[in-house]
Amino acid sequence: MTAPIYLSLVFHNHQPVGQFDYVSEHSTNVSYMPLIELLERHPRVNVGMHFTGALLDWLKVHHPELIERLRILVAQGQVEILTGGYYEPVLVALPDEDKIGQIQKLTEAVKETFGYDAKGMWLAERVWEPHLPRPIQQAGVKYVIVDDTHFEGVGFDKEKELFGYYVTEEQGHTLAVFPTLAYLRYSIPWSPVDTLIEWLRTEADQPLPSYVPKLAFMGDDGEKFGTWPGTYEHCWGDGKYMESLFSAIEKNADWIKTASPAQYMEQYPALGRVYLPTASYMEMGEWSLPAEASYQLTTLKHAFEEQKRTDVTRFLRGGIWRSFMVKYDEINHMQKRALAVSAAVHEMRRGRKRDEALDLLWAAQSNDPYWHGVFGGIYLFNFRVANYANLIAAEAMADVDETNLKLVTTDFDRDGRNELVMTGTPFNAIWSPEVGGGMIELDYRPGRYNLLNIMSRHKEAYHIDLIEAARENRVVTPESPTSTEMENIHSKTVRAKETGLEKFLIYDWHRRAAFLDHFIGAHTTLDEFYRAQYAEQGDFVNQPYKAETSKADKSVNFHLRRDGHVWIGEVHQPIRVAKTFTFERDKHSFSVIYTLSHISPTPLEVHFGVETVVGFDGGQDLNYCALRLNSDSTRHSLLEVAAVDNISQYSADSNLRNLTLTTELSKPAFLWRFPLETIALSEAGFERGYQGTAFLQIWHVTMQPDESWSVVITQSVSEEATKP
């Protein structure tokens with residue numbers, strides 16, 4: 001007779017802050033509601049479920065019937081509700097007070113909504129560091145879910161030693177940790193139900209040395225069961241995988257016992273003590289590495305997996321989540337903005353205003369834009385927009401002195417080099433004097449919008465797969481013959497949402513920002529500049545500038561200057577570039593005075609360009625965003641790669657945000673413009689994503705020795721926009 005084995009399934013349901021309603025609605029219809037209905041049909045199957053705060057809030061408004069049906073399942077003891085960070089943050093990115101606050105907020109919401117005292121929590125992206133037990137336990141949590149990968153990192157054998165839970169601690173604060181088994185995550189719902197049942201039988205027939213019954217534990221995304229491509233028909237349609245699975249569990253109820261994690265903990269002790277390393281799931285470790293190293297590790301892992309060399313694969317490790325803040329300047333920037341705003345909010349006097357600011361801050365800590373893997377992450381514009389909107393709003397509430405402008409010199413991004421940070425009304429702005437003197441953030445406070453919310457074009461490990469597949473003519477697109485074969489996200493099939501995406505694999509050699517200074521050759525073409533495959537003649541774009549600041553009050557006026565060089569043929573000519581920024585309180589425009597100083601004894605002829613950028617979500621769609629040139633009212637697309645002469649003014653606008661950014665030039669310029677588009681890999685295949693638009697205003701400058709040349713660039717923001 002087969003010995004009993006416990007099966008514990010936890011479904012993690014999440015939609016990010018800033019998610020489109022139609023996406024949440026779709027997941028509700030094809031994943032969340034079908035699972036609730038399945039549980040109602042199989043009352044003897046006990047599970048755990050986790051809903052992130054943002055999704056829970058959305059469901060309460062749009063699908064209260066789902067909440068009510070779930071409340072009944074909880075009351076019957078069939079479903080355990082887990083807590084976690086309310087807005088699903090990566091906990092290690094937060095100060096401890098925010099870790100604890102976010103967890104307690106969701107715990108209170110679970111109690112209020114379901115009448116249940118949550119005992120366990122879902123750890124966002126299973127990002128674990130050894131210090132976490134202390135704040136998690138202080139938040140009132142009894143257990144947390146991690147990966148079997150975490151245990152393998154300290155020598156555990158996942159085939160034998162992970163059929164239960166363990167206890168860890170930090171400074172005496174204890175916490176139970178449940179390992180979610182890779183076998184179950186990869187098998188459900190991909191492998192046949194009979195294969196899974198046979199695996200459970202085999203494991204049950206090999207009991208643990210102790211008297212504790214085995215626990216086969218799986219915690220995984222609820223969206224995997226219906227939302228992921230091809231899974232709805234498989235799980236709930238003619239495939240009926242989930243119905244077959246639950247029926248098989250009930251049929252074998254004499255030896256397969258289902259229990260939520262808390263139910264199992266109430267009956268059985270831990271298997272032992274453990275101290276886990278800094279880790280996440282294996283794929284996260286691969287994704288966080290630099291592109292080349294990531295590709296090498298993935299290739300190596302696949303090679304050993306094909307050889308079934310588990311003696312090697314169990315010791316393979318990638319990077320850590322924090323490496324995303326090295327890999328992407330944009331992620332580091334957003335995380336450091338959140339840290340700065342957190343410090344300001346926590347200094348507020350306790351009360352309703354502080355509570356509102358805290359909630360905005362916590363919403364801005366939603367994890368999705370803080371990493372990138374198979375899912376869009378930082379490349380998803382709407383998530384970045386939402387996070388910045390909440391940060392800007394929280395910061396404004398924490399600002400105790402809105403009457404003046406403030407300019408501070410500080411190592412904002414924690415790289416050992418100082419930045420300039422200006423706060424006030426109506427603009428916040430941040431510059432990097434040490435890296436081209438560029439402006440890397442420009443917030444329009446009234447609209448809660450970061451106008452420089454763009455992405456540089458980064459090389460990704462998976463781009464190599466696209467290049468190779470395109471070369472071998474094996475990229476599957478919507479125009480390709482259809483296949484009935486279902487795939488999971490670990491499939492090696494190379495899919496793309498359109499043909500020819502490999503032609504858009506462009507990599508920037510510097511961080512894209514506003515007011516970067518270029519010297520380009522007379523024969524450089526727009527296409528070369530757009531593709532970042534041109535010869536930069538100056539040494540200004542990513543080099544340090546000296547900053548001269550003055551005390552801020554009603555206005556901010558400061559200078560950035562670099563004595564650099566420009567190549568003229570074979571001669572390295574010295575030249576000075578100075579730019580003076582002027583902001584005034586309550587004024588919705590600012591100016592930049594550029595001055596080139598010729599400090600060599602021979603005449604100088606150069607093509608000088610100033611790069612500016614704008615980041616409007618929806619900028620790829622002329623229905624939402626447009627560009628106007630000079631006084632012409634014609635609406636041009638922000639997607640165009642185009643050049644036009646004699647430009648003295650241009651405006652980019654968004655009717656989604658009801659904002660227009662207008663740039664005026666005191667001297668007409670030749671204007672190049674092009675979109676910043678990234679090629680990312682999602683669960684549906686490779687896709688092109690709009691990340692902003694770059695502009696280069698170019699002047700042909702001729703100067704005699706000791707002569708100077710200047711131009712004034714004025715940018716203004718108005719709360720209006722054109723429509724088709």
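In the chain, which whole DSSP H runs stretch at least 18 Å along their own axis (Cα) and average 0.0 or higher on the Kyte-Doolittle scale?
Answer set is 381-398.
In this calculation the C-beta distance from Glu65 to Asp117 is compared with R0 = 25 Å, giving a FRET efficiency of 0.55.
Note that segment 561-662 presents 41 Å² accessible area per residue, ligands and nucleic acids not counted, probe 1.4 Å.
So what is the relative contact order of the chain, in percent, for Cα pairs below 8 Å that sit 6 or more residues apart? Computed over the chain, the figure is 10 percent.
The residues of segment 364-510 expose on average 39 square angstrom of accessible surface per residue, using a 1.4 Å probe on protein heavy atoms.
With the Cα gyration tensor of segment 348-400 in hand, give its eigenvalues times 5 under a square root as the equivalent ellipsoid semi-axes, listed largest first in whole angstrom.
Each semi-axis is the square root of five times an eigenvalue, giving 27, 10, 6 Å.
Fully extending the segment from Gln307 to Glu37, taken as 0.36 nm per residue of separation minus the present Cα-Cα distance, adds 93.1 nm.
For Glu37, Glu677, Glu356, give the ranking by accessible area with the largest first, probe 1.4 Å.
Glu356, Glu37, Glu677
Accessible surface of Thr113, taken over heavy atoms with a 1.4 Å probe and every protein chain present, rounds to 10 Å².
Using a 1.4 Å probe on the protein heavy atoms, what percent of the accessible area of the chain belongs to carbon and sulfur?
Exposed carbon and sulfur together represent 50 percent of the surface.
Label-to-label distance for Glu472 and Asn29 is 3.8 nm, based on points extended 7 Å past Cα in the beta-carbon direction.
Cα-Cα pairs above 20 Å in segment 4-94: how many percent? Counting pairs separated by more than 20 Å, the tail of P(r) holds 37 percent.
Charged neighbours of Leu175, selected by a Cβ distance under 11 Å, balance to 0 (K, R count +1; D, E count -1). Relative to the 2.2 N^0.38 Å rule of thumb, the chain has a C-alpha radius of gyration ratio of 1.04.
If you take the Cα Rg of segment 413-475 and divide it by 2.2 N^0.38 Å, with N the number of residues, what do you get?
Output field value: 1.75.
Under the convention that each Lys and Arg Cβ holds +1 and each Asp and Glu Cβ holds -1, the size of the dipole of segment 115-233 around its Cα centre is about 320 debye. Cross-link check: pairs Lys459/Lys546; Lys160/Lys257; Lys546/Lys579; Lys497/Lys723 evaluated at a Cα-Cα cut-off of 22 Å; pairs beyond the cut-off: Lys459/Lys546; Lys497/Lys723. For segment 1-154, the calculated P(r) over all alpha carbon pairs, in 10 Å bins from 0 to the bin holding the longest distance, is 10, 39, 34, 15, 2, 0 percent. With a cut-off of 12 Å between beta carbons, the residues surrounding Thr580 carry a summed charge of +1, where Lys and Arg count +1 and Asp and Glu -1. Over 21 Å, how big is the tail of the calculated P(r) for segment 103-182, in percent of all Cα pairs? Roughly 32 percent, once rounded to a whole number. Accessible surface area normalised per residue over segment 186-321 is 47 Å², counting heavy atoms of protein chains with a 1.4 Å rolling probe. Of the whole protein surface, Trp567 contributes about 110 Å² of accessible area at a 1.4 Å probe radius.
Of interest is the spacing of the C-alpha centroids, which for segment 659-724 and segment 511-530 amounts to 11 Å. Extension gain, Arg414-Thr595: 0.36 nm per intervening residue step, less the Cα-Cα distance, totals 62.1 nm.
When the surface is traced with a 1.4 Å probe over the full set of protein chains, Phe51 keeps roughly 10 Å² accessible. Dividing the radius of gyration of the alpha carbons in segment 383-514 by their Kirkwood radius gives 1.16 for Rg/Rh. Computed on the Cα trace of segment 647-724, the radius of gyration divided by the Kirkwood hydrodynamic radius gives Rg/Rh = 1.14. The Kirkwood hydrodynamic radius of segment 303-447, based on inverse pair distances between different Cα atoms, is 17.1 Å.
Using a simple spin-label model with pseudo-atoms 7 Å out from Cα toward Cβ, Lys160 and Asp645 lie 7.9 nm apart. Please find the FRET efficiency linking Ala684 to Asp194, where r is the Cβ-Cβ separation and R0 is fixed at 25 Å, and quote it to the nearest 0.05. Using R0 = 25 Å, I get an efficiency of 0.25. Summarised as an ellipsoid, segment 259-307 has semi-axes of 35, 14, 11 Å, derived from the eigenvalues of the Cα gyration tensor scaled by 5 and square-rooted, with the largest first.
The values are calculated or read from the model by the stated rules, or taken from the named source; none is laboratory data. All figures in this text were calculated on a predicted structure; none of them were measured in a lab. For neighbour counting, all protein chains shown are included, and Cβ atoms are generated from backbone atoms with ideal geometry for every residue, glycine included. Areas reflect the complete protein model, heavy atoms only, side chains present, ligands, DNA and RNA absent. Shrake-Rupley method; radii C 1.70, N 1.55, O 1.52, S 1.80 Å.
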